[in-house]
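Report on the following structure.
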Amino acid sequence: MAATKSYKFKAEVNKLLDILVHSLYTNKEIFLRELISNSSDALDKIRFQLTSGTDVQDKDLPLEINIDLDKDKKLLVISDTGIGMTQEEIVKNIGTIAKSGSEDFLNKLSEESKEKDISNIIGRFGVGFYSVFMVAEKVVITSRSYLPDAKPVRWESTGTGSFKVSELDEDIKRGTKIEVYLKEDEKEYAEKYRVESIIKKHSNFIAFPIKINGEKVNTVSAIWREPKSSIKKEQYEEFYKFLTYDTEPPLDTIHISIDAPVQFNSIMFIPQRTFDLFGISKEDIGLDLYVRGVLIQHKNSDLLPEYLGFIKGMVDSPDIPLNISRETLQENRVVMKISQTLVKQVLSYLEKKAKNDPEHYAKFWKAHGKVFKLGYTDFANLERIAELMRFNSSANDDAEGLTSFAEYVERAKPDQKEIYYLSGPSREAVESDPHLEIFKRKGVEVLYLYEPVDEFVMTGLGSYKKDYKFVAVEQADLAKLDKLEDVTTSEEKVDELSSGEEKVFNKLLDKIKDILGDRVKEVRVSKRLQDSPSCLVSPDGEMTSHMQKIMHIMNKDTSVPQKVFEINKDHKLTRNLLKIYKNNPKDPFIEEAVEQMYESALLLEGYLTDPHKLVNRINDVLLKSSEWHPENK
Ligand code: ADP
């Protein structure tokens with residue numbers, strides 16, 4: 001007997017085991033799904049070696065998974081004829097968490113334990129093996145690698161702190177056997193009916209035979225190879241849940257069979273919600289790729305562009321060579337052709353939904369619009385993608401409403417060749433933005449953009465149907481808007497300034513510029529304001545304030561850009577300042593008011609880093625106005 005070595009689990013594994021063993025999870029049965037899935041992966045790998053002509057240990061073994069149950073011994077044994085592990089591999093694979101982001105994952109897991117159903121998070125992060133310790137008091141693994149001169153190895157642990165590994169003297173066949181010694185409370189997992197029902201529920205689509213005590217139990221195989229008309233909705237749902245571990249059914253199912261230019265079948269699902277938990281979404285992207293029913297690659301990310309990354313599913317094509325390596329897959333022309341066809345099919349599907357069932361399409365957009373918008377970089381399909389985009393708009397009743405560019409254009413003013421937009425964190429914020437005031441007054445629709453990516457989308461698209469330019473409200477040609485009739489009437493008409501007053505007013509503007517100095521580029525009269533006394537505007541030709549802010553954040557730049565300070569000439573505050581200025585140009589209130597107006601504008605633009613002065617000033621003003629309050633007698 002070779003020497004046995006003892007190893008300590010890595011800290012993160014101990015933490016994981018601790019959470020798994022001590023939390024009262026429901027749905028412990030998923031441990032079996034995880035073990036079967038590992039076996040299935042190991043079988044996929046050996047099949048690939050076999051088709052590539054590698055010299056493989058026990059090359060004539062049937063590729064299958066066997067489960068043996070012994071009720072009296074409370075023992076469940078799962079064995080596969082997969083790729084196996086060497087001693088070195090077993091120590092490395094089972095004893096650490098290889099995936100990055102395990103810290104986040106563990107935090108998420110301990111939060112989730114309140115919910116008590118962790119089945120989908122465990123499987124998706126890929127720490128499946130350890131879930132066996134939810135039901136086992138001891139686990140023994142014996143494995144023989146496919147490499148002809150590798151020695152069989154034995155691994156044993158009770159899941160508390162350490163594991164033992166030794167080389168085996170006996171000669172065993174290729175593959176991995178896992179003996180699960182069940183805890184007293186979990187002995188149901190040695191019952192055939194129980195294990196069979198778990199397999200039917202979670203592992204029915206595994207492409208290798210699964211046998212319990214010698215009897216095959218998984219029945220379903222490649223549903224995509226059956227005629228579409230014979231597949232029931234429940235079957236699709238079952239397949240979707242098998243693929244994604246989602247507990248909800250999919251929002252949409254797209255099943256296609258194509259004969260030219262490349263022959264392939266594909267089933268694609270659009271989930272009801274996004275899966276971006278703890279930043280593992282990148283690894284989660286892609287479609288499973290099969291060749292004649294044989295799985296070649298899990299989650300191949302070349303089959304769909306990033307902006308369709310929310311789609312789950314598979315592709316099966318006889319036109320790809322079985323023994324193709326992952327590296328050459330990327331440049332494979334067949335894969336590229338399939339990808340192009342898939343994109344076109346998905347876009348057609350979405351177009352139909354958008355046209356015939358807008359409510360359903362809105363659900364899709366709410367769940368995946370954020371990702372789909374990235375399609376503004378797909379130049380080959382740009383026009384179709386633009387038609388599928390949706391944004392909230394001033395013409396919608398609330399923040400839930402969605403508007404397409406086509407709808408916008410239909411509602412636009414005669415001769416309007418611009419699609420105006422304004423960015424902000426929420427509808428409330430956007431609607432109180434001073435830049436919007438002239439658009440409200442003229443009844444010109446504005447798209448509201450709430451997400452950082454949106455302005456990139458607008459600048460990326462440039463125009464809609466080449467005729468309508470996307471323009472940020474801040475950069476609108478105000479002369480064009482000025483020509484339009486007002487749709488709202490202002491309550492009070494303000495008097496025009498006399499020419500003498502105009503002169504004084506111009507001096508006041510100079511004074512304001514003196515007060516603000518280099519902090520602003522220019523002080524000028526605003527054409528866009530109605531309710532606000534002042535606002536900041538980017539100088540002509542520069543990027544919009546919102547874009548500037550994104551760049552600032554990206555560059556970790558905290559400086560305040562030099563902008564144009566616009567004054568609403570007809571605002572009561574301005575008129576009062578004018579009177580004060582006329583009587584005493586040196587009155588300190590003017591400076592105080594200008595500072596306050598400027599800082600308020602900065603605050604709205606998100607640039608005010610130190611609010612102390614502003615708050616002190618406001619308190620001052622409040623104090624004064626309370627002293628003058630009529631009820632303060
Ligand atoms: P994941 O399967 O997501 O990588 P696991 O914790 O379930 O995470 O498994 C860790 C690793 O152990 C696997 O990646 C694989 O290399 C190895 N492994 C587990 N089960 C088997 C098996 N039955 N045959 C061969 N290797 C296995």
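The values are calculated or read from the model by the stated rules, or taken from the named source; none is laboratory data. It should be emphasised that the depicted structure is a prediction, and the values quoted were computed from it without experimental measurement. In this analysis, Cβ positions are derived from the backbone assuming ideal geometry, glycine residues included, and neighbour counts consider all displayed protein chains. Side chains included, ligands, DNA and RNA excluded: accessible areas come from the protein's heavy atoms. Shrake-Rupley method; radii C 1.70, N 1.55, O 1.52, S 1.80 Å.
For the range 207-350, lysine pairs with C-alpha atoms less than 15 angstrom apart, excluding pairs fewer than eight positions apart on the same chain, total 6. A prolate overall shape is assigned to the chain, the ratio a/c of its alpha-carbon gyration tensor axes (a ≥ b ≥ c) being 1.5 or greater and a/b exceeding b/c.
Taking label points 7 Å from Cα along the Cα-to-Cβ direction, SER230 and HIS629 give a separation of 8.2 nm.
How many percent of the accessible area of the chain is carbon or sulfur, using a 1.4 Å probe?
Answer for the chain: carbon and sulfur cover 50 percent of the accessible area.
Taking the longest Cα principal axis of the chain as reference, the axis of helix 192-202 is set at about 40 degrees. By the gyration tensor of its Cα atoms, with a ≥ b ≥ c the square roots of the eigenvalues, what is the shape of the range 164-225: rounded for a/c under 1.5, prolate for a/b over b/c, or oblate? Oblate is the answer for the range 164-225, as a/c is 1.5 or above yet b/c matches or exceeds a/b.
Cα centroids of the range 424-452 and the range 496-550: how far apart, whole angstrom? What the calculation gives is 20 Å, centre to centre.
On the principal axes of its alpha-carbon atoms, the range 499-632 has extents of 49, 39, 25 Å, going from largest to smallest. Annotation: lysines with alpha-carbon distance below 16 angstrom to LYS183 (same-chain offsets under eight excluded): LYS28, LYS71, LYS73, LYS74, LYS138.
Each part reduced to its alpha carbon centroid, the range 394-415 and the range 332-349 end up 32 Å apart.
Remark: accessible surface ordering of HIS629, HIS368 (largest first) is HIS629, HIS368, probe radius 1.4 Å. Summed over the residues of the range 499-632 and divided among them, the accessible surface reaches 59 Å² per residue at a probe radius of 1.4 Å. Of all aspartates and glutamates in the structure, the ones whose alpha carbon falls short of 13 Å from that of LYS8, not counting any fewer than 8 places away in one chain, are GLU156.
Taking all protein chains together and rolling a 1.4 Å probe, GLU591 ends up with roughly 100 Å² accessible.
Computed from point charges on the beta carbon alone (+1 for Lys and Arg, -1 for Asp and Glu), the dipole magnitude for the chain about its Cα centre is near 620 Debye.
Segment LYS8..MET551, full-extension length gain: 190.8 nm, with 0.36 nm per residue of separation and the alpha-carbon distance subtracted. Between 0 and 90 degrees, the angle of helix 102-112 with respect to the longest Cα principal axis of the chain falls at about 90 degrees. Rolling a 1.4 Å probe over the protein chains gives GLU238 an accessible area of about 70 Å². Between the Cα long axis of helix 499-516 and the first principal axis of the chain there is an angle of about 40°, rounded to the nearest 10. So with the 1.4 Å probe, I'd like the accessible area per residue for the range 223-358, rounded to whole Å². Value for the range 223-358: 47 Å² per residue.
The calculated Kirkwood hydrodynamic radius for the range 391-482 is 13.2 Å, given to one decimal from all distinct C-alpha pairs.
For the pair the range 51-68 / the range 559-577, the C-alpha centres are spaced 78 Å from each other. If you sort LYS613, LYS211 by accessible surface, 1.4 Å probe, largest first, the order is LYS613, LYS211. Shown here: the range 5-216, whose C-alpha atoms stretch 49, 36, 32 Å along the first, second and third principal axes, sorted largest to smallest. For GLU359, the shell of other residues with beta-carbons less than 13 Å away shows a net charge of +3, using +1 for Lys and Arg and -1 for Asp and Glu.
Between LYS138 and ASN213, what length comes free when the chain is fully extended (0.36 nm per residue of separation minus the Cα-Cα distance, one decimal in nm)?
24.9 nm
Considering only THR489, ILE78, HIS629, whose Cα is most displaced toward the positive end of the charge dipole of the chain, charges sitting on Cβ of Lys, Arg (+1) and Asp, Glu (-1)? After comparing all options, I get ILE78. The calculated FRET efficiency for ASP169 paired with LYS201, based on their beta-carbon distance and R0 = 45 Å, is about 0.70. Amide H to amide H, with H built 1.01 Å from N, LEU449 comes under 5 Å of LEU422, SER423, GLY424, counting only residues 5 or more places away or on other chains. What net charge is computed for the residues neighbouring ARG524, neighbours being all others with C-beta under 13 Å from the C-beta of ARG524, Lys and Arg scored +1, Asp and Glu -1? Around ARG524, the charge tally is +2.
Ordered from largest to smallest accessible area (heavy atoms of protein chains, 1.4 Å probe), the residues VAL371, VAL343 come out as VAL371, VAL343.
Per residue, the chain reaches -11500 deg cm²/dmol at 222 nm when only DSSP H runs of four or more residues are counted, each adding -39500 (n - 2.57). Here's how it looks for GLY95: its modeled amide H is under 5 Å from none belonging to a residue 5 or more places away or on a different chain.
Taking the Cα centre of the range 499-632 as reference, the dipole from Cβ charges on Lys and Arg (+1) and Asp and Glu (-1) amounts to some 300 debye.
Can you spot the lysines whose alpha carbon is less than 18 Å from LYS613's alpha carbon? Ignore those fewer than 8 places along the same chain. Hits, sequence-local ones excluded: LYS624.
Taking all protein chains together and rolling a 1.4 Å probe, HIS546 ends up with roughly 40 Å² accessible. Based on the alpha-carbon gyration tensor of the range 223-358 and its eigenvalue square roots a ≥ b ≥ c, which shape applies: rounded if a/c is under 1.5, prolate if not and a/b is larger than b/c, or oblate? Rounded, because the longest to shortest axis ratio a/c is under 1.5.
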